[in-house]
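Below you'll find the structure, written out as structure tokens, and then a few comments.
The values are calculated or read from the model by the stated rules, or taken from the named source; none is laboratory data. Note that this is a predicted model, so its numbers are computed, not measured. Every residue, glycine as well, gets a Cβ built from its backbone with ideal geometry; the counts of neighbours run over all protein chains shown.
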Amino acid sequence: MGLIASIIIDSVAYGMVLFVISIGLSITLGLMGFVNLAHGVFAMAGGYGAAWLMRTYGWSYELAALAAVALVALLAWPLQRLLYSRLQDRSDLDQVLFTIGLVFVGIAGMGVMFGNAITPLPLPEYLQGSVDLSFRVIPTQRIAAVVVGVLVLVALMWLLERTRFGIETRAAVEDADAARALGIRTARVYVMGFSLGAGLAALGGVIGAELLPLEPYYPLKYLVVLLAVVAVGGVGSPLGLFASALLLGTVETAAKYLVPSMSSIFFFATMLAVLAWRPAGLFGRAH
Amino acid sequence: MEQVLVTPKPRRLSLAGSLLPEGFLLLAGLLLFYAMPEDLGFATRILIGGLFALSLDLVLGYAGIVTLGHAAMFGVGAYAAGIFAIQVSGEPFLGLAVGAVAGAIVAAGSGVLVLRSHGLTSVMITLAIAQLLAEVASKWRSLTGGDDGLSGIAMSPLLGRFEFDFLGQTGFFYALTVLVLSFAVLRRLVRSPFGLTCVGIREDRERMAALGCRVNRHLTIVYAIGGAIAGIAGALSAQITQVVGLTSLGFAHSAEVLVMLVLGGTGRLWGALAGTLVFMVVHHFAAAVDPFRWMFVIGALLLVVVLFMRGGITGALLMVMRSHSRSVK
């Protein structure tokens, strides 16, 4: 019983972190058709940024996290405008090469600045303890990750379904040319979506630092996991992404508890099985 | 990617003309032999890397299949040839055939999944298959040696006469011969109707389908051929170095060969060879630099090539030559 509860709690927390990080990847792909392999760099930058602000300026955890998220979102803006938009109409190959290049540069930058070892992101006191739910004691940090994940999902659904920005985004996803003809400034929608996704990735990097520890090879190490979540979820569907993050998070966590040496094999096998069954992902529409 | 890089030559080439590039490659290989007699191991690695890059060029440069997991075919070919040499026979050519078949099987099997999806999903599947195979190789210790790598590969003399010597001379000429032969085959393949169909699919998939080409079958075949050549490169590496490590299947290996190809120029066989040479020589002399700085160099090179130097080194050279010949006229 205790084992099952541990598996469930850890899986859900891990799934939420994956969800928050990979939203941006799904947005970039669905909205702009851009194959952005460098997305993990944003998550890493968020985590490292928060750790750095806490260490050098002695900021509190919350303040450092907020500042890091804002900083990454702000930096993503010119990155999209100056570089990504130039490659918008290029082939998949060029986009893959360009973003892999960014990954390498990002790894090198973080490695030179922070060293090869894992950089800890100290938690505030109220997140360090654990909560006793009578049948099971759960680390508070996991609960916080789940709460953040659900809040992000709700906020995202509201943003996409109820706001002007959401309407414009959905229009641009459906048909960018028609959207432009109707007076929607798609270039602005793109950069806003990109920046939002980068900021959320940074948030995921901060809240997920316990589960995905901060190290220079972060963007490469978790690249496949993030891509898998997006591919299995189906592009352009927040709910599909949520389901896929939970499914893959559960498979990997459960395998880690039960057959630790085979966990990656289980993860890849699940992913390949889903894609063999539904090439466009669980909730995706076939092209 | 819009311009058609391969144009069919209507006139028939004479035998000498059609063998000229192979002769040139052989000469370049001999130059390499005399340029670094002390370091033939490195020279041999350049040749093997060149063959590996050629196989990627066929798949990616000509057929337009974007892959981040090409090391899967190389690694499986290497492991297959190594295990074959240990458990069955040390005959080098049989080992090459085993490597080729293993690479082709992995490619044909994974091709089913890779080729029916598009964009990010397709790239991710290539990556995932390579990682899955690396995991399997790392866990199946009894067969592959796991993290320690596969060792104890002993080869019979080449053609029954030439022992694989300590200096690596036999290994070098063996690798050079295989490279030149593969180059000759590939050069004919990419100019054949089969190769031109690949380029057609790369440029416009829908139109080729509308013309009656069975796109998926065609791509699966070319992917399997690319896998076979990558498998041969892996087998060569296993036979000559006599060890196979997990890094041969790793992501870094897939990324490096991609960088070599792009640096040299995709869609041109010379590009694959030139890129490998430049990349490996730079890497060899920069090996003392710490890994992060080296990573920065690779990343920056990729960004520069994608943003400013489409067509890579050979593309830039061709452009210079063309503008030069125009100004002379």
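Can you find even one residue in segment B:253-266 that is surrounded by fewer than 23 Cβ atoms within 10 Å (Cβ to Cβ), farther than 30 Å from B:Thr44 by Cα and within 14 Å of chain A (Cβ to nearest Cβ)?
No: segment B:253-266 contains no residue that is surrounded by fewer than 23 Cβ atoms within 10 Å (Cβ to Cβ), farther than 30 Å from B:Thr44 by Cα and within 14 Å of chain A (Cβ to nearest Cβ).
Could you check B:Gln242 against (1) surrounded by fewer than 24 Cβ atoms within 10 Å (Cβ to Cβ); (2) modelled with pLDDT of 85 or more and say which number it fails?
Just one mismatch for B:Gln242, condition (2).
Of the conditions (1) part of a loop (DSSP other than H, G, I, E, B); (2) in contact with a helix residue (DSSP H, G or I) (Cβ under 7 Å, 6 or more places away or on another chain), A:Ala179 satisfies every one except a single condition; which number is it?
(1)
Determine whether B:Gly29 is surrounded by fewer than 24 Cβ atoms within 10 Å (Cβ to Cβ) and within 12 Å of chain A (Cβ to nearest Cβ). Don't jump to the end; show me each part of the working.
Details: surrounded by fewer than 24 Cβ atoms within 10 Å (Cβ to Cβ): yes; within 12 Å of chain A (Cβ to nearest Cβ): no.
Against the criterion (surrounded by fewer than 24 Cβ atoms within 10 Å (Cβ to Cβ) and within 12 Å of chain A (Cβ to nearest Cβ)), B:Gly29 does not qualify.
Can you tell me which of B:Val262, B:Val282 is in contact with a helix residue (DSSP H, G or I) (Cβ under 8 Å, 6 or more places away or on another chain) and more than 23 Å from B:Val199 (Cα to Cα)?
Details: B:Val262 fails: more than 23 Å from B:Val199 (Cα to Cα).
When all the criteria are applied, what remains is B:Val282.
Cβ-Cβ below 9 Å, separation at least six or inter-chain, first residue in segment B:61-89 and closer than 20 Å to B:Asp148 by Cβ, second among the charged types (D, E, K, R) and at pLDDT 90 or above: which pairs?
none
Of all residues in segment A:246-264, how many are among the aliphatic types (A, V, I, L, M), away from every other protein chain (no Cβ under 14 Å) and in contact with a Ser or Thr (Cβ under 7 Å, 6 or more places away or on another chain)?
Step one: filter segment A:246-264 for residues among the aliphatic types (A, V, I, L, M), giving A:246-248, A:251, A:254-255, A:258-259, A:262.
Subsequent filtering for residues that are away from every other protein chain (no Cβ under 14 Å) retains A:246-247, A:254, A:258.
Adding the requirement that they be in contact with a Ser or Thr (Cβ under 7 Å, 6 or more places away or on another chain) leaves A:254.
Result for segment A:246-264: 1.
Could you count how many residues in segment A:193-211 are surrounded by fewer than 22 Cβ atoms within 10 Å (Cβ to Cβ) and aliphatic (A, V, I, L, M)?
Matching residues across segment A:193-211 total 2.
Which one of A:Val41, A:Val72 is within 12 Å of another protein chain (Cβ to nearest Cβ), in contact with a helix residue (DSSP H, G or I) (Cβ under 6 Å, 6 or more places away or on another chain) and either crowded, with 24+ Cβ neighbours inside 10 Å or small (Gly, Ala, Ser) (or both)?
Details: A:Val72 fails: within 12 Å of another protein chain (Cβ to nearest Cβ).
Of the residues listed, the single one that is within 12 Å of another protein chain (Cβ to nearest Cβ), in contact with a helix residue (DSSP H, G or I) (Cβ under 6 Å, 6 or more places away or on another chain) and either crowded, with 24+ Cβ neighbours inside 10 Å or small (Gly, Ala, Ser) (or both) is A:Val41.
Name the residue that is surrounded by the fewest Cβ atoms within 10 Å (Cβ to Cβ), counting only residues in segment B:113-168 that are within 14 Å of another protein chain (Cβ to nearest Cβ) and at positive phi.
It comes out as B:Gly146.
Across segment A:163-175, what is the total count of residues that are part of a helix (DSSP H, G or I) and surrounded by fewer than 18 Cβ atoms within 10 Å (Cβ to Cβ)? Walk me through how you get there before you give the answer.
Residues of segment A:163-175 that are part of a helix (DSSP H, G or I), as a first pass: A:164-174.
Next, only the ones that are surrounded by fewer than 18 Cβ atoms within 10 Å (Cβ to Cβ) stay: A:164-167, A:170-171, A:174.
So the answer is 7.
Only one of these is aromatic (Phe, Trp, Tyr) and either over 27 Å from B:Ala28 (Cα atoms) or modelled with pLDDT of 85 or more (or both): B:Phe285, B:Phe251. Name it.
B:Phe251
Within segment B:33-89, which residues are acidic (Asp, Glu) and modelled with pLDDT of 90 or more? Full working, then the answer.
Our first condition is that a residue be acidic (Asp, Glu); within segment B:33-89, this holds for B:38-39, B:57.
Selection gives B:Asp57 alone.
In segment A:254-270, which residues are within 26 Å of A:Ala5 (Cβ to Cβ) and of a type outside the set (Ser, Thr, Tyr)?
The first filter runs over segment A:254-270 and keeps only residues within 26 Å of A:Ala5 (Cβ to Cβ), leaving A:254-267, A:269-270.
Hits for segment A:254-270 are A:Ala254, A:Ala255, A:Lys256, A:Leu258, A:Val259, A:Pro260, A:Met262, A:Ile265, A:Phe266, A:Phe267, A:Ala269.
If B:Glu206 passes every condition in (1) part of a helix (DSSP H, G or I); (2) touching a residue at least 12 places away in the same chain (Cβ under 8 Å) but one, which one does it miss?
In the conditions (1) part of a helix (DSSP H, G or I); (2) touching a residue at least 12 places away in the same chain (Cβ under 8 Å), B:Glu206 misses (2) alone.
So, in segment B:287-310, of the ones that are over 27 Å from B:Phe42 (Cα atoms) and either touching a Ser or Thr at 6+ places or on another chain (Cβ under 7 Å) or part of a loop (DSSP other than H, G, I, E, B) (or both), which residue ends up farthest from the other protein chains (Cβ to nearest Cβ)?
Among those that are over 27 Å from B:Phe42 (Cα atoms) and either touching a Ser or Thr at 6+ places or on another chain (Cβ under 7 Å) or part of a loop (DSSP other than H, G, I, E, B) (or both), it is B:Met309.
Of all residues being in a helix (DSSP H, G or I) and charged (D, E, K, R) in segment A:93-139, which is nearest to the other protein chains (Cβ to nearest Cβ)? Just the residue, please.
Filtering segment A:93-139 for residues that are in a helix (DSSP H, G or I) and charged (D, E, K, R), the one nearest to the other protein chains (Cβ to nearest Cβ) comes out as A:Asp94.
Would you confirm whether any residue within segment A:80-87 is more than 14 Å from chain B (Cβ to nearest Cβ), within 21 Å of A:Ala198 (Cβ to Cβ) and at pLDDT 85 or above? Steps first, please.
Pass one, segment A:80-87, residues more than 14 Å from chain B (Cβ to nearest Cβ): A:80-81.
Restricting the remaining residues to those that are within 21 Å of A:Ala198 (Cβ to Cβ) gives A:80-81.
Next, from what is left, pick out any that are at pLDDT 85 or above: A:80-81.
Within segment A:80-87, one or more residues are more than 14 Å from chain B (Cβ to nearest Cβ), within 21 Å of A:Ala198 (Cβ to Cβ) and at pLDDT 85 or above.
Suppose the filter is within 12 Å of another protein chain (Cβ to nearest Cβ) and surrounded by fewer than 20 Cβ atoms within 10 Å (Cβ to Cβ); does A:Phe283 pass it?
On the way: within 12 Å of another protein chain (Cβ to nearest Cβ): no; surrounded by fewer than 20 Cβ atoms within 10 Å (Cβ to Cβ): yes.
Criteria not met by A:Phe283.
For segment A:212-232, state whether one or more residues are in a loop (DSSP other than H, G, I, E, B) and away from chain B (no Cβ under 14 Å).
Looking for residues that are in a loop (DSSP other than H, G, I, E, B) and away from chain B (no Cβ under 14 Å), one finds at least one in segment A:212-232, hence yes.
Between B:Ser110, B:Ser55, which is touching a helix residue (DSSP H, G or I) at 6+ places or on another chain (Cβ under 8 Å), of a type in the set (S, T, N, Q) and within 14 Å of chain A (Cβ to nearest Cβ)?
Working: B:Ser55 fails: within 14 Å of chain A (Cβ to nearest Cβ).
Checking each option against the conditions leaves just B:Ser110.
If I ask for residues that are within 28 Å of B:Ala300 (Cβ to Cβ) and either buried (at least 24 other Cβ atoms within 10 Å of the Cβ) or at pLDDT 90 or above (or both), which ones from segment A:5-31 would you list?
Answer for segment A:5-31, where residues must be within 28 Å of B:Ala300 (Cβ to Cβ) and either buried (at least 24 other Cβ atoms within 10 Å of the Cβ) or at pLDDT 90 or above (or both): A:Ile21, A:Ser22, A:Gly24, A:Leu25, A:Ile27, A:Thr28.
Name the residues in segment A:32-55 that are under 19 Å from A:Gly236 (Cα atoms) and either modelled with pLDDT of 85 or more or of a type in the set (D, E, K, R) (or both), would you?
Of all residues in segment A:32-55, those under 19 Å from A:Gly236 (Cα atoms) come to A:32-40.
Selection gives A:Asn36, A:Leu37, A:Ala38, A:His39, A:Gly40.
Can you name every residue in segment B:81-95 that is surrounded by 24 or more Cβ atoms within 10 Å (Cβ to Cβ) and aliphatic (A, V, I, L, M)?
Result: B:Ala81, B:Ala85.
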